[in-house]
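These notes are about the structure you will find just below.
The values are calculated or read from the model by the stated rules, or taken from the named source; none is laboratory data. Keep in mind that what you see is a predicted model, and the values were worked out from it rather than measured. Note that we place each Cβ from the backbone using ideal geometry, even for glycine, and neighbour counts take in every protein chain shown.
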Amino acid sequence: MSNLVSIQSILRCPGCKSSSLIVVKTDDEIVCETCGDKYPVSYGRPVFLRPDNSIFNRDDYRNLDSPVPTTGNSKWRALIPEASLNLASQRLLTRLRKELEKITDATVLVVGGGCQRTWLGDLLRPDDTIKIVYTDIDVAADVDLFCDGHDLPFVDNAFDAVVTTAVLEHVLYPECVAEEIIRVLKVGGLLYSELPFMQQVHEGAYDFTRYTLSGHRRLFNRIAVIDSGMVAGPGTTLVWSIENFVLAFTVRPVLRKISKVVIRIVFGWLKYFDLFLKDKPAAMDGASCTYLFGRKMAGQIPDSEIIASYIGAKHMQHL
């Protein structure tokens, strides 16, 4: 619970939406004094899920085997090269860090933190002046608290920045989660978001949606864009396509893992074409993943302006 003491003032009940009324009652639950709802705590990490959540049961988080997430098949993972080439995160998150250094006691929310604590920490370098709060719904995630992105358990305008990478394609209602992210972000606060476009299913049944860059901008139409573009381009898209073409012939886990190793070793070099294509408009239409970096504004960007900001190759007008 010690990780949450410093942010207790910005927590709110995801059920009744009461703020500053969530109190620590015992070592294994948090109680909302307004509605009386009780939220379990797993190894010091509160589970802020509404009792009527139809997908995730908060009682499943009560007795996890370990406070430290474990990544299964670690030996296999070490053998499998990455299929993607990330052209954006290091540059933009370093830029985000420099912006946060201008703020006293800046607080960053990571939505869908998974097991990103190490690499995000290396880039954002949290210290006495920058605090990072990691959240996720996954029981195996390395987070400070568990929650559903559709009901973020924080008051309005709570954070100076929000980071979400490859998350919104896995939620049932991306527009709802995007609205929640904007709600908890301060006006003038910074958002860094990555979303896949040309990618195959990569999280089984929990994989729902893809977005073009224009769709990405439309999703966050209250963000004044500072920078946007491709995280990974057509080269990465091609590697994913070849890999999933081969994987279509088998469902056996061992054969699929072997296939991934072979495909990525043989064809992984194709992703480096993205280095040459990253600034070409035609390449954006086949991007594997896009990014958006900007500030929350008081109003919203008109749809006509979002359409006019399209930077791909095929300009069309529908009159």
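Data overview
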{"item": "Condition check for Leu277: in contact with a helix residue (DSSP H, G or I) (Cβ under 6 Å, 6 or more places away or on another chain), in the same structural domain as Lys98 (by TED's automatic domain parsing), without any contact (Cβ under 8 Å) to a residue 60 or more places away in the chain and hydrophobic (A, V, I, L, M, F, W, C)", "result": "yes"}
{"item": "Pairs where the first residue, in the stretch 97-115, is in the same structural domain as Asn157 (by TED's automatic domain parsing) and without any contact (Cβ under 8 Å) to a residue 40 or more places away in the chain and the second is part of a loop (DSSP other than H, G, I, E, B) and of a type in the set (A, V, I, L, M), C-beta under 7 Å, 6+ apart", "result": "Gly113/Ala141; Gly113/Val143; Gly114/Ala141"}
{"item": "Enumeration of residues in the stretch 161-203 that are farther than 28 Å from Gly312 by Cβ and either over 16 Å from the mean Cα position of the chain (by Cα) or among the basic types (Lys, Arg) (or both)", "result": "Arg183, Lys186, Val187, Gly188, Gly189"}
{"item": "Selection count, the stretch 3-40, where residues are of a type in the set (Lys, Arg), crowded, with 19+ Cβ neighbours inside 10 Å and modelled with pLDDT under 90", "result": "0"}
{"item": "Matching residues in the stretch 261-319 - criterion: being of a type in the set (Ser, Thr, Tyr) and exposed (fewer than 14 other Cβ atoms within 10 Å of the Cβ)", "result": "Tyr272, Ser304, Ser309"}
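Let's see how each residue does on (1) touching a strand residue (DSSP E or B) at 6+ places or on another chain (Cβ under 8 Å); (2) over 19 Å from Leu270 (Cα atoms); (3) in a helix (DSSP H, G or I):
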{"site": "Leu190", "(1), (2), (3)": "yes, yes, no"}
{"site": "Glu194", "(1), (2), (3)": "yes, yes, no"}
{"site": "Gln199", "(1), (2), (3)": "yes, no, no"}
{"site": "Ser214", "(1), (2), (3)": "no, yes, yes"}
{"site": "Arg217", "(1), (2), (3)": "yes, yes, yes"}
{"site": "Val239", "(1), (2), (3)": "no, no, yes"}
{"site": "Phe245", "(1), (2), (3)": "no, no, yes"}
